[in-house]
Amino acid sequence: MKKQIAEFIGTFTLVLLGCGSAVIAGADIGLTGISFAFGLALIGMAYGIGPVSGCHINPAVSLGAVAAGRMELGEAIKYIIAQMAGAIAAAAVLLLIANGKADYSVAENGLGQNGWGAGYLGEYNIFAAFVFEVIATFLFMVVILGATGAGAPAQFAGLAIGLALVVIHLVGINITGVSVNPARSFGPALFAGGTAIGQVWLFIVAPIIGAVAAGLLFKSGMLNADEQQ
């Protein structure tokens with residue numbers, strides 16, 4: 001169970017601090033600050049729980065690892081259950097904290113949920129949202145698999161992966177709020193309800209497509225350093 005506990009804690013941390021930066025401090029730190037909050041939370045957990053579970057804290061990453069041949073599907077399912085539970089718990093805690101402010105309303109202020117279309121940040125359409133989430137998750141998974149592969153300097157893996165998440169957020173927050181992680185999207189959407197829960201399917205499907213595509217590319221040997229040698 002210790003791997004599942006680690007994945008629960010890691011995903012809880014990412015959602016609470018990442019989404020919390022938007023809900024609680026967004027007006028003060030802006031999009032750049034929010035971007036770094038997500039990346040720094042991931043870096044911290046990479047070194048905190050990485051030695052225990054590998055710090056997937058993302059169902060798409062776990063399925064991408066399966067596609068790459070680095071994880072069994074049965075273990076991935078256990079990881080995903082823990083990740084989803086961690087994200088839901090974090091969103092519940094964030095809502096509890098946010099409600100401590102007199103003028104907070106989840107309907108008006110949100111919970112850091114992802115989205116697209118009229119009324120959501122840059123108001124990009126569904127096609128732009130889908131394309132961004134697939135490609136961003138693909139590139140994110142390439143960094144993860146490359147940084148944790150044979151021959152890569154393991155001590156820098158967490159830093160590389162966390163910084164990749166930062167730059168993805170810097171580019172994509174106005175498009176979708178940036179998911180690249182079904183658990184990160186589902187937790188806040190569950191409590192935000194309405195449009196957020198109606199749109200959450202995209203933030204489950206698109207990241208999985210992107211991550212699995214990257215995993216299959218590594219499994220094929222096209223991006224495997226050992227195969228090239």
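For the chain, complete DSSP H runs whose alpha carbons reach 20 Å or more along their own long axis and whose mean Kyte-Doolittle score is 0.0 or higher are 2-53, 73-98, 126-147, 157-176, 202-219. Candidate cross-link partners of residue 2 among the lysines, defined by an alpha-carbon separation under 26 Å and a same-chain spacing of 8 or more, comprise 78. In angstrom, the C-alpha Rg and Dmax of the range 122-229 are 15.2, 52.
Normalised radius of gyration for the range 1-136, please: alpha carbon Rg relative to 2.2 N^0.38 Å, two decimal places. Don't skip to the answer; put the middle values down first.
Numbers: Rg = 16.1 Å, N = 136, 2.2 N^0.38 = 14.2 Å.
In units of the 2.2 N^0.38 Å rule of thumb, it is 1.13.
Partner aspartates and glutamates whose Cα lies under 17 Å from the Cα of residue 219, excluding those fewer than 8 positions away in the same chain, are identified as 72, 227. Set Lys and Arg Cβ to +1 and Asp and Glu Cβ to -1, take the dipole of the chain about its Cα centre, and tell me which of 96, 180, 80 lies farthest positive. So the residue we want is 80. Accessible area per residue for the range 119-229 is 45 Å², calculated with a 1.4 Å probe on protein heavy atoms, without ligands, DNA or RNA.
Express the Stokes-Einstein translational diffusion coefficient of the range 76-130 in µm² s⁻¹, to the nearest whole number, given a Kirkwood radius over alpha-carbon pairs, 37 °C and a viscosity of 0.692 mPa s.
On the way: Rh = 13.5 Å.
D, rounded to a whole number, is 244 µm²/s.
Normalising by residue count, the range 68-190 has a Cα convex hull of 131 Å³ per residue. Here the dipole of the chain is about 340 debye; that uses its Cα centre as origin and unit charges on the Cβ of Lys and Arg (positive) and Asp and Glu (negative).
Assign unit charges at the C-beta atoms only (+1 for Lys and Arg, -1 for Asp and Glu), then state the dipole size of the range 24-121 relative to its Cα centre in Debye, rounded to the nearest 20. Display every interim value, and only then the final one.
On the way: 3 positive and 5 negative charges, 37 e Å.
Dipole of the range 24-121, to the nearest 20 debye: 180 debye.
Both radii were evaluated on the Cα set of the chain; the Rg over Rh quotient, with Rh as the Kirkwood radius, amounts to 0.96.
The values are calculated or read from the model by the stated rules, or taken from the named source; none is laboratory data. The shown structure was predicted, so the numbers you read here are calculated from the model rather than taken from an experiment. Neighbour counts are summed over all protein chains in view; Cβ atoms, including those assigned to glycine, are modelled from backbone coordinates with ideal geometry. These area figures cover heavy atoms from the full protein model, side chains too; ligands, DNA and RNA do not enter into them. Shrake-Rupley method; radii C 1.70, N 1.55, O 1.52, S 1.80 Å.
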